[in-house]
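*Asks:* After the structure tokens below, expect a handful of questions from me.
Read-outs: derived from the displayed coordinates by stated rules, not from any lab. Worth saying up front: this structure is predicted, and the values here are computed from it rather than measured. Here Cβ is always computed from backbone atoms with ideal geometry, including for glycine, and neighbour counts include all displayed protein chains.
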Amino acid sequence: MPKRKVKAFLDSNVILSGLFSDKGAPRIILDVLCLGLPMLAGMTGQYNIIEIERNLIKKLPDALPVYKKYLPLLNLKIIPLPLPEDVKKLSGHIADKDIPVLVSALKGKADFLITGDKKDFASLRSKGGYPFKILSPAEFLDIALPKIIKAIESGKA
């Protein structure tokens, strides 16, 4: 990994998938973030946190205490809710429900936006033009994990 921290923005679906599965790329990403490695900074948006909690309350209310206990262990920087004018600037780039995610990743100066939402983010990936790469959790691990392991083995983590 480079000497500066790599900033990985996690979409809601990555956090939820990682919390409720004991295997797979989303879970590995969350586990790595829990290590607090100096070369990797995780982040998500306040918008994402609200979406996660709304979904948990609606679909899995018994899981909310586990989520609340686990969330701080991820060491995520939480990007504040985007301003309406920032959301409006990106109108038409992606589905309205995903614009705050995009704005939050931009505000957080993310290097990667990691999402399991292939449908809505696919068009952005092909267009490019954003200062970050939009990747699936598995694609992110393909890039980051070898570098993380190398840094750990060399004592630079």
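*Asks:* Please state the Cα pair-distance histogram of region 92-157 with 5 angstrom bins from zero: what percent is in each bin?
*Replies:* 3, 16, 24, 22, 14, 9, 7, 4, 1, 0
*Asks:* Could you give me the percent of Cα pairs per 10 Å distance bin for region 6-153, shortest bin first, beginning at zero and ending with the bin that holds the maximum distance?
*Replies:* Pair shares across the bins are 11, 43, 35, 11, 0.
*Asks:* Please report the net charge: other residues with Cβ closer than 11 Å to the Cβ of LEU64, K and R +1, D and E -1. Don't skip to the answer; put the middle values down first.
*Replies:* Details: positive: ARG54, LYS58, LYS59, LYS68, LYS69; negative: GLU53, ASP62.
Neighbourhood net charge equals +3.
*Asks:* If each residue's Cβ is checked for other Cβ atoms within 10 Å, how do PHE140, PHE20, PHE132, PHE9 rank with the fewest at the top?
*Replies:* Sorted ascending by nearby Cβ count, the order is PHE20, PHE132, PHE140, PHE9.
*Asks:* To make sure I understand, if each residue's beta carbon is the centre and we count other beta carbons within 10 Å, what order do ASP11, ASP142, ASP120 fall in, fewest to most? Write out the running numbers ahead of the final one.
*Replies:* Details: ASP11 27, ASP142 12, ASP120 15.
Least to most surrounded, the residues fall as ASP142, ASP120, ASP11.
*Asks:* Please list the non-local residues whose amide H lies under 5 Å from the amide H of LEU40, H modeled 1.01 Å from N, same-chain partners needing a gap of 5 or more.
*Replies:* VAL6
*Asks:* Related question: Using the C-alpha gyration tensor of region 51-113, what are the square roots of 5 times its eigenvalues, in whole angstrom, with the largest one first?
*Replies:* Values: eigenvalues 133, 49, 16 Å².
Ellipsoid semi-axes (Å, largest first): 26, 16, 9.
*Asks:* Now a separate question. Which order do the peptides 79-89, 27-37 take when ranked by the mean count of other beta-carbon atoms within 10 Å per residue, highest first?
*Replies:* Details: 79-89: 14.4, 27-37: 17.6.
Result, highest mean first: 27-37, 79-89.
*Asks:* Leaving out same-chain residues fewer than 8 places away, which lysines sit with a Cα under 21 Å from that of LYS147?
*Replies:* Partners within reach: LYS3, LYS5, LYS7, LYS23, LYS109, LYS133, LYS156.
*Asks:* Another question, then. Percent relative contact order of the chain, based on C-alpha pairs within less than 8 angstrom and at least six residues apart?
*Replies:* Reported relative contact order: 29 percent.
*Asks:* Net charge near LYS88: determine it from the other residues with C-beta under 15 Å of the C-beta of LYS88, scoring Lys and Arg +1 and Asp and Glu -1.
*Replies:* Residues near LYS88 contribute -1 overall.
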